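Data first, discussion second: the structure below is written as structure tokens.
The values are calculated or read from the model by the stated rules, or taken from the named source; none is laboratory data. Just so we're clear, the structure is a prediction, and the values are computed from it rather than from any experiment. Neighbour counts are summed over all protein chains in view; Cβ atoms, including those assigned to glycine, are modelled from backbone coordinates with ideal geometry.
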Amino acid sequence: MHNERRRSIILWGPPGSGKSLYLTSLVMWLTREPNERPFAVLPASDSAARWLASRSIPHAEGAALVEPCCAPTEPLFRIYSITDTATAAAPRSELVAELVPSEAAAGEPSPTKLAEAVGVILLLPAASMAASAEARDACVSWFTTTLARLPEQIGAAPPAVALPVAVCLTQTDEAPDAVRRDATQWLESFGSETMRALRAHCACFSVFKVSATGRAPRRRDGVEVVVGTPEPRGVLAPIRWILDEASAEVAA
Amino acid sequence: MIRLTSRGARGPSATIEEKRRSILLWGAAGSGKSGVIGALRSEGIKTVGERWTIDLADAAPDVVAYADTASLALRLRDVKETAIRRPERAFTAPVKRYAGRTITAVADVTVLDPRGELADDPASASARRALSAARTADGILWVIEAPATGVVSPAHRFAVLRQVIAMLDAASMTAVSVPVIIALSKIDRLPRADMQRLIDAPEIALRGLLGDAAFGWLLAAFPRLRCVGLTSAGTVRNVARPVGLTAMLDWFADEWRREEQAADTARTRARRSARVARMRRRAPVAAAIAAGAAIVGFAGVAAARLLTQNTPTWTTSAGAVVTQASAKPVEHSSAPAVAAHSMPPLSVATAAAALEHGDAIGALHQLGSLRLSDSSSQRFVVDSLIAAAALRGAEEILSSPTPSPTALQTIVATTSVAIARAHPGTPMLAPLSLARAAACIGGQLNCPAEEVREDLAWALLLGNAAEQDQARRLRAALVGDSVQMR
């Protein structure tokens, strides 16, 4: 392994926010987006791969979603930039960052991990928050608390968190008008304190809509089934944004 | 390693020793690894054409049995079921490339898992031990059976993912930097059109079989990935006529050759860069003194300046008054000036002649060995010759690709003696100091920093316009260079 410190992106979210499904979509179901830089995501360990593989099983109609079992300790995923063009001199892939999910089993990201990260992805389950006031309050509370924990630049005036923060609304396939909705307004619809907290803490943030499966699961014999092949939407957008922000900062 | 050998009709000729390369052959059970070995064995009976064959001369009996039964199975496919005797353990055998009867390349093939058992649980300890060989391999040939259904099942895709992760983990890498071929095997069993599609555009076909995500894993893990469609048996019944085998192994050889050429080019560039860097450091110095040497000219210019002074006395910078016998005026000419009548003509003349003929260092040696009184009039001529020779010599040496430190030291030593005996404040100090500073700075001789700065100061103070200009350039070169001064 190279000993140089690699860029890491923290993946964070409250329970039920869709972290494992988001990771599964990145590893197992990613499709090429036209005119976008392609990426590939590889688990760094066999246990991480088996954890994600257990998230879905083949079903007659598509893919059946299985409740996630316990995550491996310190799961790690690697993000590679890839190219379809084969040339004699240039390699066709490059490791660009590591994706570090925060899981309850593994504990919250340590201050060291946060300080070393080039970006943070915060997941919020849009469908769950829309369906339940209790869930909404819990997620908003988690969100504002988490923003306050992000490392601040010493001596900087608020907003003092320079780290790029990508807020991802997951489960967006549940909303029929998801494509038309503005992500920032959607987040604000769960309470103005979300955007207030973002603006108060974060100098660099963006809100994204993501769908790990591309379509809302259907209930089949007590099992959530994604009919057909899962087609994730927007799952790479926060990663691309964070990498671009990190590169811009280095260039500056 | 690839060992290139040429064997002519008269027998073995000289062997060009090169690094011998190794290829790792990997694949799950039933993927087609045995077919590759059998095809390599079958190619061994040919005597014409370009082909790769396996050399079993020194192989263990179980390896020979494996290759023979695999070859037989290819020939008897669809006719008779032939049991292939697979060894239990990994083995390595050389493969040789032939053009007719001539061996043109040799490599080693290591079959990590002949029975394909490790691929079922690639994270196991035994699999990790075997896969750690990926760390030292020069190429990896991963055989995957082309599915008849046209799509790889999710379970099979996941198996591929686990094997990729295991390979990277066992080899402690985040990506495999050596050439890797994914060979879609047994394509002869597919419909003709599908087989042709796999031969013509194997990567597109593989991506279609695996899907974007799974293909992305392979690209991520293997930045030097190539896909091929392979049939070890071929399409002719009762014989083994592989399609894609020779091209596949040739690609490895081409990639290794390209690596070696790139490494040679990089080494050459590094050497050139180092030479250019050294030349660049010397160039400003050489340029700085070139004009100075021309202005100082050949011997006699400085002497002429002194000898044409109206007063026979001058005051030193320390205020003392020195009387000096006047000497005849010396004409400005390209020829070295001849000193006063009391000068031993032979030594100074030969030194002057040496300088005129371009041997500046030789002239310095001669001038430095002259034994003259410091107060003699000849001394000034000699010192002016020293100045001219030192400047000329420094320019020539610093302009050469390999400047001689010894010659530069000679310049420093000779000019130092002349500077030490020169009266402070005399114009003679300007060219002498200029020459010594040029040798020190351009040659990076670790001269005392104070001495170099004083030299430049005298040149700026006492020199004519050209000498002052050269001193400024040398000072700029001194400031801008990383020359270490004591």
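Structure notes:
- Within region B:211-234, considering residues that are within 23 Å of B:Leu25 (Cβ to Cβ) and surrounded by fewer than 21 Cβ atoms within 10 Å (Cβ to Cβ), the one nearest to the other protein chains (Cβ to nearest Cβ): B:Arg226
- Where B:Ala65 falls short, out of the listed (1) closer than 29 Å to B:Gly49 by Cβ; (2) within 45 Å of the chain's Cα centre (by Cα): (2)
- Filtering region B:154-172 to residues that are at the interface with chain A (Cβ under 8 Å from one of its Cβ atoms) and either among the hydroxyl-bearing types (Ser, Thr, Tyr) or under 21 Å from B:Asp108 (Cα atoms) (or both) leaves only B:Ser172.
- Leading residue by the ranking (modelled with the lowest pLDDT) among those in region B:461-473 that are closer than 16 Å to B:Ile419 by Cβ and either buried (at least 19 other Cβ atoms within 10 Å of the Cβ) or of a type in the set (Asp, Glu) (or both): B:Leu462
- Qualifying positions in region B:182-210 - more than 29 Å from A:Pro230 (Cα to Cα) and within 12 Å of chain A (Cβ to nearest Cβ): none
- Filtering region B:39-62 to residues that are within 23 Å of B:Gly100 (Cβ to Cβ) and in a helix (DSSP H, G or I) leaves B:Ala39, B:Leu40, B:Arg41, B:Ser42, B:Glu43.
- The lone exception for B:Ala166 - which of (1) closer than 14 Å to B:Leu24 by Cα; (2) in a helix (DSSP H, G or I); (3) touching an Asp or Glu at 6+ places or on another chain (Cβ under 7 Å) it fails: (1)
- Close pairs (6 angstrom Cβ cut-off, 6 or more residues apart or separate chains): at the interface with chain B (Cβ under 7 Å from one of its Cβ atoms) and free of Cβ contacts under 8 Å to residues at least 12 places away in the same chain in region A:79-95, part of a loop (DSSP other than H, G, I, E, B) and charged (D, E, K, R) anywhere: none
- Within region B:20-42, the set of residues being small (Gly, Ala, Ser), touching a Ser or Thr at 6+ places or on another chain (Cβ under 7 Å) and buried (at least 24 other Cβ atoms within 10 Å of the Cβ) comprises B:Gly32, B:Gly35, B:Gly38, B:Ala39, B:Ser42.
- Selection count where residues are assigned to a loop (DSSP other than H, G, I, E, B), free of Cβ contacts under 8 Å to residues at least 24 places away in the same chain and either crowded, with 17+ Cβ neighbours inside 10 Å or small (Gly, Ala, Ser) (or both), scope region B:140-163: 1
- Long-range neighbours under 9 Å by Cβ, at least six apart or interchain, first residue in contact (Cβ under 8 Å) with a residue 24 or more places away in the chain and over 15 Å from A:Phe208 (Cα atoms) within region A:161-178, second outside any loop (DSSP other than H, G, I, E, B) and aromatic (Phe, Trp, Tyr): A:Val161/A:Phe205
- Filter pass, A:Arg37 being within 17 Å of the chain's Cα centre (by Cα) and more than 8 Å from chain B (Cβ to nearest Cβ): no
- Yes/no for B:Ser185 being among the small types (Gly, Ala, Ser) and at pLDDT below 95: no
- Failed item, numbered, when B:Arg207 is tested on (1) more than 32 Å from the chain's Cα centre (by Cα); (2) touching a residue at least 24 places away in the same chain (Cβ under 8 Å): (2)
- Condition check for A:Glu224: surrounded by fewer than 17 Cβ atoms within 10 Å (Cβ to Cβ) and of a type in the set (D, E, K, R): no
- Filtering region A:204-219 to residues that are crowded, with 23+ Cβ neighbours inside 10 Å and in a loop (DSSP other than H, G, I, E, B) leaves A:Val210, A:Ala212, A:Thr213.
- Complete set of residues in region B:178-203 that are of a type outside the set (S, T, N, Q), outside any helix (DSSP H, G or I) and either in contact with an Asp or Glu (Cβ under 8 Å, 6 or more places away or on another chain) or over 27 Å from B:Ala127 (Cα atoms) (or both): B:Val178, B:Pro179, B:Leu184, B:Lys186, B:Leu190, B:Pro191, B:Ala201
- Across region B:235-253, not a single residue is classified as outside any helix (DSSP H, G or I), hydroxyl-bearing (Ser, Thr, Tyr) and crowded, with 21+ Cβ neighbours inside 10 Å.
- When residues of region A:55-75 are limited to those that are in contact with a strand residue (DSSP E or B) (Cβ under 6 Å, 6 or more places away or on another chain) and more than 22 Å from A:Trp12 (Cα to Cα), the one farthest from the other protein chains (Cβ to nearest Cβ): A:Glu61
- When A:Val161 is tested against the conditions (1) farther than 26 Å from A:Pro68 by Cα; (2) modelled with pLDDT of 95 or more, the lone failure is (2).
- Options B:Ala175, B:Ala134: the member that is within 14 Å of chain A (Cβ to nearest Cβ), part of a loop (DSSP other than H, G, I, E, B) and surrounded by 15 or more Cβ atoms within 10 Å (Cβ to Cβ): B:Ala175
- The residues listed here are A:Leu30, A:Leu11, A:Leu21, A:Leu52; of these, the one that is of a type outside the set (Val, Ile, Thr), within 11 Å of another protein chain (Cβ to nearest Cβ), within 28 Å of A:Thr146 (Cα to Cα) and crowded, with 22+ Cβ neighbours inside 10 Å is A:Leu52.
- Of all the listed residues (B:Arg115, B:Arg97, B:Arg129), the sole one being away from chain A (no Cβ under 14 Å) and assigned to a helix (DSSP H, G or I) is B:Arg129.
- Of all residues in region B:204-234, those satisfying the criterion of being of a type in the set (Phe, Trp, Tyr) and in a helix (DSSP H, G or I) are B:Phe215, B:Trp217.
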